[in-house]
Structure formats: C-alpha cells, structure tokens
1. Calculated FRET efficiency, I118 and K88, Cβ-Cβ r, R0 25 Å, to nearest 0.05?
2. Using the beta-carbon distance between Q71 and D96 and R0 = 35 Å, what value does 1/(1 + (r/R0)^6) give for FRET efficiency, to the nearest 0.05?
3. Calculate, axis by axis, the spread of Cα positions in region 6-119 along the three principal axes, and write the results as whole Å, longest axis first.
Amino acid sequence: MPPLHPVDAYVQAQPSATQGHLALLRATLAEVLPNAEQVISYQIPCFRLNGTYAVYCAGYAHHVGLYPITQAMRDAVGDALTPYLSGKATARFALDVPLPVELVRQLAAARVAEIEAIMATRPSKRPLKSRRPMIR
C-alpha cells in the first residue's frame, strides 16, 4: 500500500467528529483551486497556488478553521462571513452546524482572484544570464 499523502494523514489524525467537516472543507477548496498543490505548512494543510500559500485549513475538537481571511475575501462576501470570524484573519466553522459550502467557495474564489491580481502587477522575473566560460 502506498504511503498516505501528508494532507490525507493530517485529516485521518483528527478526531472522528472533525474529519467529516475537514474533508468537506478540503474538497470544496480543491474544487475552487484545482491547480493548487496541497501541502503541509505550519503543521496544517495548505493550498499553494503558483508558489503562493493561498489558504490554510485545520481541524480542531469543536470547529474547522480557514486562514487567512483577507480584506479582499471579506469584501467579496460581505456580512455573510461575520458569524464565522474569529480574530482578524480566521474563519471558524463549528462542527455542530453544516459547513457553509457556498460561502467557502466564494471565499476561495476571492482569494484566487486576489492572488492573480497580485501576480499580474509583479514584474516578471528575468531569466538569469548564462555564465560565459572564463578565458584564461
């Protein structure tokens, strides 16, 4: 049997009550970020898009979390996010209520748009000059 992907291992290591919400959160994010690489960063699952850490998700005993919640993400969904905000950049989704899948989709789509806008404004990296052999 091949070894588990590190993110799969993370999900399986969570309490059974958390696994369903976390798996659904991860699947929803993967749906919106199909080209993102799923990695472990800061010991939690992360979706990396074009070399940028786009969103993190994590499981806990009583909720699952989504990070970071940027201002662009807040602007995209308006007041729908308010009941889930915890601190400046964290959304917490309690395990005792259904995961707001459509809200998660909107948040992830807003984050993708934000990253694409940032990437579009950055100057492209010039290729490195090839080194000429030294003449002696």
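Read-outs: derived from the displayed coordinates by stated rules, not from any lab. If you're wondering where the values come from, they're calculated on a predicted model, not measured in any experiment. Positions of Cβ are generated from backbone atoms using ideal geometry, with glycine treated the same way; all protein chains shown enter the neighbour counts.
1. So, using R0 = 25 Å, E works out to roughly 0.85.
2. Efficiency, from the Cβ-Cβ distance: 0.75.
3. In descending order, the Cα extents are 38, 30, 22 Å.
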